[in-house]
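Student: First the structure, which I've put down as structure tokens, then a few questions once you've had a look.
The values are calculated or read from the model by the stated rules, or taken from the named source; none is laboratory data. Because the structure is a prediction, the values reported are computed rather than measured. With ideal geometry, Cβ positions are generated from the backbone for all residues, glycine too; neighbour counts draw on all protein chains shown. We work out accessible area using only protein heavy atoms, side chains counted, and drop any ligands, DNA or RNA first. Shrake-Rupley method; radii C 1.70, N 1.55, O 1.52, S 1.80 Å.
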Amino acid sequence: VVQMKVKVLSRNPDDYVRETKLDIQRVPRNYDPSLHPFEVSREYTRALNATKLERVFAKPFLASLDGHRDGVNCMAKHCKSLSTLLSAACDGEVKVWDLTKHECVRTLQAHEGFVRGMVVRFCGTSFFTVGDDKTIKQWKMQAPAYGEEEEPLNTILGKTVFTGLDHHQKEAVFATCGQQVDIWDEQRSSPIRSFTWGVDSFSSVRFNPVETELLASCASDRSVVLYDMRESTPLRKVIMKMRSNTVCWNPMEAYYFTSANEDYNLYTYDMRYLTSPVTVHMDHVSAVLDVDYSPTGTEFVSASFDKTIRIFPKSAGHSREVYHTKRMQHVICIKWSADNRYILSGSDEMNIRLWKANAAEKLGVLSPREKQATHYSQKLKEKFQHHPQIRRIARHRHLPKNIYHQTKELKIMKEARRRKEMNVRKHSKPGAVRVVSEKQKHVVTVVK
């Protein structure tokens, strides 16, 4: 018997034969790095082109929702429906919008004077409003049937004007602020608990979405006060150099919150260590009026008196994106949609604007090849993001002339202050001047 060893080529047709004539020809590739000596240079060129194309296709503005007859003062997202938005104006009018059709589906006269706060109940069946007429009103989310009058489900008359409102995430409890912070039960006409800490008035109040018993408020004495509903007194308060307009909790990290301040900055704090902020977010050139986190907790969006909207990574000191239009005036309120794809802004000139959270994102259904190409480009941009040419193109933003000049002016002022401090330290005796970090400058004191 003669034994022979025969070598046979064996190929699977599925690896190289098309299923139909409409399919793309399959090209075999050997990924051995020694066979691709110029791979890095090719990838760099692709990353540069992808960065340029991203800036070319960056068109964030989607739609304008007009219909209000006065400035938009506050907005509320629906807890269960992505396409529903509620907005309230300075003339006491509340509108319910269908975002898919870009039209108003319901209008009601909620208050006399400003609507100061609005929030949707956690189940999505009703919403609450507070106004200058010292009332808290609860409304049905469903529009009244034909022939029925538009009337609130419940009305509570308060002793003072309410300036803010928020609802508990799980229970039939809500909080209001004005001359004090009040906790209300939906079934009662008087607050079940009131908090004061020697403050004239409060401008906003927010429940923590993770640790649902905690809430924070901004006070007129430049402080941010923290509360626990289970306690009879406030927990802690941090007093800053200038007044905070509003505060927003991180929906993914229970202890972190961000406050929008009058000194053009935003401050992210860890509530366990209030002696200095975790991050100071700078870029605005006027007072920051509102802030809202993305559902992922990795970014937040801010609205400012300087007529711009900025998107900040939670741990970055400068914004990654700035949105503005010629017609948009002072931006009063801002919301990030629950699907993490859109941003809604309400401004002085009676308009609500819909923006993309990612300016260059392509909307609509993407084919598998488009998804793969987008993912590949994104990875390339991340790989080469620190190269000077790519970083310069990715960071460049066109700004209105007045904001550009104000930014330069603020930079010069900051440098002058820094030089002055250095000169004081240089000519003073050792130990006479206490060295203060940049973050600690903004905090006056922490009260327990």
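Student: Can you spot a residue in the range 160-170 that is open to solvent by 10 Å² or more (accessible area, probe 1.4 Å) and not in a loop (DSSP other than H, G, I, E, B)?
Tutor: Checked against the condition, which is being open to solvent by 10 Å² or more (accessible area, probe 1.4 Å) and not in a loop (DSSP other than H, G, I, E, B), the range 160-170 yields at least one hit.
Student: Among the residues of the range 264-294, write down those that are in contact with a Phe, Trp or Tyr (Cβ under 7 Å, 6 or more places away or on another chain) and more than 22 Å from residue 203 (Cα to Cα).
Tutor: Those that are in contact with a Phe, Trp or Tyr (Cβ under 7 Å, 6 or more places away or on another chain) and more than 22 Å from residue 203 (Cα to Cα): 272, 278, 294.
Student: Consider residue 239 against the criteria (1) open to solvent by 10 Å² or more (accessible area, probe 1.4 Å); (2) of a type in the set (A, V, I, L, M, F, W, C); (3) within 26 Å of residue 197 (Cβ to Cβ); (4) under 17 Å from the mean Cα position of the chain (by Cα): it satisfies all of them except one. Which criterion is unmet?
Tutor: Evaluating residue 239 over (1) open to solvent by 10 Å² or more (accessible area, probe 1.4 Å); (2) of a type in the set (A, V, I, L, M, F, W, C); (3) within 26 Å of residue 197 (Cβ to Cβ); (4) under 17 Å from the mean Cα position of the chain (by Cα) leaves (4) as the failure.
Student: Counting just the residues of the range 15-59 that are open to solvent by 80 Å² or more (accessible area, probe 1.4 Å), β-branched (Val, Ile, Thr) and within 30 Å of residue 360 (Cα to Cα), which one comes out farthest from the chain's Cα centre (by Cα)?
Tutor: It comes out as 24.
Student: Give the range 1-55 a look and list any residue that's farther than 30 Å from residue 396 by Cα, part of a helix (DSSP H, G or I) and not hydrophobic (A, V, I, L, M, F, W, C), or say none. Walk me through how you get there before you give the answer.
Tutor: Residues of the range 1-55 that are farther than 30 Å from residue 396 by Cα, as a first pass: 1-37.
Add one more test, that the residue is part of a helix (DSSP H, G or I), and what stays is 13-15, 33-35.
Selection gives 13, 14, 15, 33, 34.
Student: Look through 248, 218 and report the one residue that is surrounded by 19 or more Cβ atoms within 10 Å (Cβ to Cβ) and either basic (Lys, Arg) or more than 25 Å from residue 159 (Cβ to Cβ) (or both).
Tutor: Values: 218 fails: either basic (Lys, Arg) or more than 25 Å from residue 159 (Cβ to Cβ) (or both).
The match here is 248.
Student: Answer yes if at least one residue in the range 324-346 is among the acidic types (Asp, Glu) and either in contact with a strand residue (DSSP E or B) (Cβ under 7 Å, 6 or more places away or on another chain) or free of Cβ contacts under 8 Å to residues at least 60 places away in the same chain (or both), and no otherwise. Show your work before the answer.
Tutor: Filtering the range 324-346 for residues among the acidic types (Asp, Glu) gives 339.
Narrowing further to those that are either in contact with a strand residue (DSSP E or B) (Cβ under 7 Å, 6 or more places away or on another chain) or free of Cβ contacts under 8 Å to residues at least 60 places away in the same chain (or both): none.
Scanning the range 324-346, I find no residue that is among the acidic types (Asp, Glu) and either in contact with a strand residue (DSSP E or B) (Cβ under 7 Å, 6 or more places away or on another chain) or free of Cβ contacts under 8 Å to residues at least 60 places away in the same chain (or both), so the answer is no.
Student: Output the residues belonging to the range 359-388 that are surrounded by 14 or more Cβ atoms within 10 Å (Cβ to Cβ), hydrophobic (A, V, I, L, M, F, W, C) and in a helix (DSSP H, G or I).
Tutor: The one that is surrounded by 14 or more Cβ atoms within 10 Å (Cβ to Cβ), hydrophobic (A, V, I, L, M, F, W, C) and in a helix (DSSP H, G or I): 380.
Student: If I go through the range 332-358 residue by residue, how many of them are aliphatic (A, V, I, L, M), over 13 Å from the mean Cα position of the chain (by Cα) and open to solvent by less than 10 Å² (accessible area, probe 1.4 Å)?
Tutor: Residues meeting the conditions: 1.
Student: Among 113, 131, 124, 71, which is the only one that is under 22 Å from residue 352 (Cα atoms), at pLDDT below 90 and in contact with a His (Cβ under 9 Å, 6 or more places away or on another chain)? Can you show your working first?
Tutor: On the way: 113 fails: in contact with a His (Cβ under 9 Å, 6 or more places away or on another chain); 131 fails: at pLDDT below 90; 71 fails: at pLDDT below 90.
None of the others qualify; the one that does is 124.
Student: How many residues are aromatic (Phe, Trp, Tyr) and either assigned by the TED database to the domain that holds residue 331 or under 30 Å from residue 74 (Cβ atoms) (or both) when one looks only at the range 349-397? Can you show your working first?
Tutor: Taking the range 349-397 as the starting set, the residues that turn out to be aromatic (Phe, Trp, Tyr) are 355, 376, 384.
From what's left, either assigned by the TED database to the domain that holds residue 331 or under 30 Å from residue 74 (Cβ atoms) (or both): 355.
So the answer is 1.
Student: Exactly one of these conditions fails for residue 298: (1) open to solvent by less than 10 Å² (accessible area, probe 1.4 Å); (2) within 12 Å of the chain's Cα centre (by Cα). Give me its number.
Tutor: (1)
Student: Just one of (1) in contact with a Ser or Thr (Cβ under 9 Å, 6 or more places away or on another chain); (2) open to solvent by 10 Å² or more (accessible area, probe 1.4 Å); (3) not acidic (Asp, Glu) trips up residue 284, so point out which.
Tutor: (2)
Student: Here is a follow-up. Would you confirm whether or not the range 69-80 contains a residue that is surrounded by 15 or more Cβ atoms within 10 Å (Cβ to Cβ), basic (Lys, Arg) and in the same structural domain as residue 127 (by the TED database)?
Tutor: There is at least one residue in the range 69-80 that is surrounded by 15 or more Cβ atoms within 10 Å (Cβ to Cβ), basic (Lys, Arg) and in the same structural domain as residue 127 (by the TED database).
Student: Being more than 15 Å from residue 301 (Cα to Cα) and in a loop (DSSP other than H, G, I, E, B): is that true of residue 410 here? Break it down into steps so the answer makes sense when it comes.
Tutor: Values: more than 15 Å from residue 301 (Cα to Cα): yes; in a loop (DSSP other than H, G, I, E, B): no.
The answer is no for residue 410.
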